[in-house]
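Chemist: Supplied in structure tokens, the structure appears directly below.
The values are calculated or read from the model by the stated rules, or taken from the named source; none is laboratory data. Computed from a predicted model, the values in this text were never measured in an experiment. Here the Cβ is made from the backbone with ideal geometry for all residues, glycine too, and neighbour counts use every protein chain on show.
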């Protein structure tokens, strides 16, 4: 049974964030600044925008509008973009 695109449920940013919230966070609760789902979401958006390494991801995240950061689960401006880089490096390592 096939369905058309019109019958498919629309997936938006909130659906992406909900899926990323299911990823277990291996970090210690001490010292966490951002939820893992938020770090993964902003990193994914940065990669889709052309970032190909941790430095470029950080640079993209710093330049993201606050409205997008809020939609991805943040509370506004990123105070420590290096946090994004550290989490990504830990995940890759």
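Chemist: Quick one: in region 65-78, which of the residues that are in contact with a helix residue (DSSP H, G or I) (Cβ under 9 Å, 6 or more places away or on another chain), surrounded by fewer than 19 Cβ atoms within 10 Å (Cβ to Cβ) and in a loop (DSSP other than H, G, I, E, B) is modelled with the highest pLDDT?
Modeler: It comes out as 75.
Chemist: If you don't mind, there's one more thing I want to ask. Please work out which residue is farthest from residue 13 (Cα to Cα), limiting yourself to region 38-58 and to residues that are surrounded by fewer than 19 Cβ atoms within 10 Å (Cβ to Cβ), touching a residue at least 12 places away in the same chain (Cβ under 8 Å) and under 14 Å from the mean Cα position of the chain (by Cα).
Modeler: Taking the candidates together, the pick is 54.
Chemist: Among the residues of region 31-38, are any modelled with pLDDT under 90 and more than 16 Å from residue 21 (Cα to Cα)?
Modeler: For region 31-38, residues modelled with pLDDT under 90 and more than 16 Å from residue 21 (Cα to Cα): present.
Chemist: Sticking with this one: So residue 13 ticks every box in (1) surrounded by 10 or more Cβ atoms within 10 Å (Cβ to Cβ); (2) modelled with pLDDT of 90 or more but one. Which box is left unticked?
Modeler: It is condition (2) that residue 13 fails.
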